[in-house]
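Novice: Shown below is the structure under consideration.
Nothing in this text is a laboratory measurement; each read-out follows from the coordinates by a stated rule. From a predicted model like this one, the values you see are computed outputs, not experimental measurements. Cβ placement follows ideal geometry from the backbone for every residue including glycine, while neighbour counts extend to all protein chains displayed.
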Amino acid sequence: MTEQSNSSVLKIGDRTFKSRLIVGTGKYASFEQNRRALELSGAEMVTVAVRRIELDKSKESILNYIDPAKYHLLPNTAGCYSTKETVMTCELAREAGLGNMVKVEVIGDEKTLFPDNEATLEASKILVKEGFQVLPYCTDDVIMCKKLEQAGCSAVMPLAAPIGSGLGVCNPYTIRLILQAVSVPVIVDAGVGTASDACSAMELGIDGLLMNTAIACAKDPLKMALAMKLGTESGRLAFEAGRIPRKLYASASSPLDGMIDV
């Protein structure tokens, strides 16, 4: 189990967060709606797609709606399909003042948007050597997560399901195996659809949860942002509380000792 599992805070690299929910900035009806959803989510870290946003703050940009005093920006490499462009995108983000903690995405398949694990590992090794704190998006592959940790990544981010699918955690078994295999934070990324998905994911003992589409594309993104906040917090609290064992047969709620004979 990861070091963070019994802690009230989430520590990633040199940063500490009270919220275990990380949210994105795409697909909202407006930047203002995005800002309000971010506030309601309670998140302290927000990810931005470097290749899809306006980096010049003198122009209309989502960056003007994110208070740097309240939120930590996590630039990501969404839309990258090779190691080279992934590394270059991270370097661009750092030069633009977005920091050195990055979410690395190297897409390997356009239909499923599954990551190219080998290219992700290669890019992560390069970026770690360049002084980046790397959070790689990967499949729920135990061996790959171990290799990413060994490469010096600050966390691993296995998917729950395909990006934007809303299917929830498709394979909780492998997520549990990853939790046992690595000592860096495990942040489930992609596939969550609603608050119950967030809750059940957190009940597995993961350290954090990243989502975007589930909030941005809900009928009411603001209500969903709050629901995801509560679902994430509830799931974490339930994990720390420790659920009762599953049993095949009933177990009396009241003790049988001292019952009055009739």
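Novice: Longer than 25 Å from Cα to Cα, which of Lys11/Lys229; Lys103/Lys146; Lys18/Lys111; Lys146/Lys223; Lys27/Lys129 are they? Say none if no pair is.
Specialist: As for pairs spanning more than 25 Å Cα to Cα, those are Lys18/Lys111; Lys146/Lys223; Lys27/Lys129.
Novice: Of the trypsin sites (Lys or Arg not before Pro) in segment 1-95, which ones lie in a loop per DSSP and count no more than 14 other C-beta atoms within 10 Å?
Specialist: Here the sparse-neighbourhood loop sites are Lys18, Lys27, Arg52, Lys57, Lys59, Lys70.
Novice: Give the angle, between 0 and 90 degrees and rounded to the nearest 10, that separates the Cα long axis of helix 117-129 from the longest principal axis of the Cα atoms of the chain.
Specialist: 70
Novice: On to the next question. Using +1 at the Cβ of each Lys and Arg and -1 at the Cβ of each Asp and Glu in the chain, identify which of Cys217, Ser200, Gln150 lies farthest towards the dipole's positive end.
Specialist: Looking along the dipole axis, the top candidate is Cys217.
Novice: May I pose another question? To the nearest 10 degrees, how steep is helix 31-41 against the longest Cα principal axis of the chain, on a 0 to 90 scale?
Specialist: Helix 31-41 sits roughly 30 degrees off the main axis of the chain.
Novice: To continue, here is another question. For segment 3-241, rounded, prolate or oblate, judged on the Cα gyration tensor with a ≥ b ≥ c (square roots of eigenvalues), a/c < 1.5 rounded, else prolate if a/b > b/c?
Specialist: It is rounded, given that a/c, with a ≥ b ≥ c, falls under 1.5.
Novice: Provide the percentage of antiparallel DSSP beta bridges, counting only those with both residues in the chain; round to the nearest 5.
Specialist: The answer is about 15 percent antiparallel.
Novice: Let me ask another. Let a ≥ b ≥ c be the square roots of the eigenvalues of the Cα gyration tensor of segment 109-262; is it rounded (a/c under 1.5), or, if not, prolate (a/b larger than b/c) or oblate?
Specialist: Cα axes put segment 109-262 in the prolate bin.
Novice: How far is helix 221-241 tilted, in degrees, relative to the longest principal axis of the Cα atoms in the chain, given as a value from 0 to 90 rounded to the nearest 10?
Specialist: For helix 221-241, the angle is close to 50 degrees.
Novice: Just how large is the dipole of the chain about the Cα centre, in debye to the nearest 20, putting +1 at every Lys and Arg Cβ and -1 at every Asp and Glu Cβ?
Specialist: Roughly 260 debye, rounded to the nearest 20.
Novice: Something else now. Search the structure for amide H atoms under 5 Å from the amide H of Val48, placed 1.01 Å from N in the peptide plane, and list their residues when 5 or more places away or on another chain.
Specialist: Result for Val48 returns Leu74, Asn76.
Novice: What range in the chain is the longest one free of GluC sites (Glu not before Pro) that are in a loop by DSSP and have at most 16 other Cβ atoms within 10 angstrom?
Specialist: In the chain, the maximal stretch lacking such sites is 131-262.
Novice: Also, I was wondering about something else. Please identify the trypsin sites (Lys or Arg not before Pro) of segment 162-262 that satisfy two criteria: DSSP loop assignment and at most 14 other Cβ atoms within 10 Å. Which are they?
Specialist: Lys219, Arg243, Arg246, Lys247
Novice: Then there is this: So if the hydrodynamic radius of segment 1-126 is defined as the Kirkwood radius over C-alpha pairs, what does Stokes-Einstein give as its diffusion coefficient at 4 °C and 1.567 mPa s, in µm² per second?
Specialist: My calculation gives 83 µm²/s for D.
Novice: Right, something else. Can you tell me how segment 95-150 classifies by the Cα gyration tensor, rounded, prolate or oblate, using a/c under 1.5 as the rounded cut?
Specialist: oblate
Novice: Please report, in Å, the Rg and the Dmax of segment 130-192, where both are computed over Cα atoms only.
Specialist: Reported Rg and Dmax, both Å: 11.4, 36.
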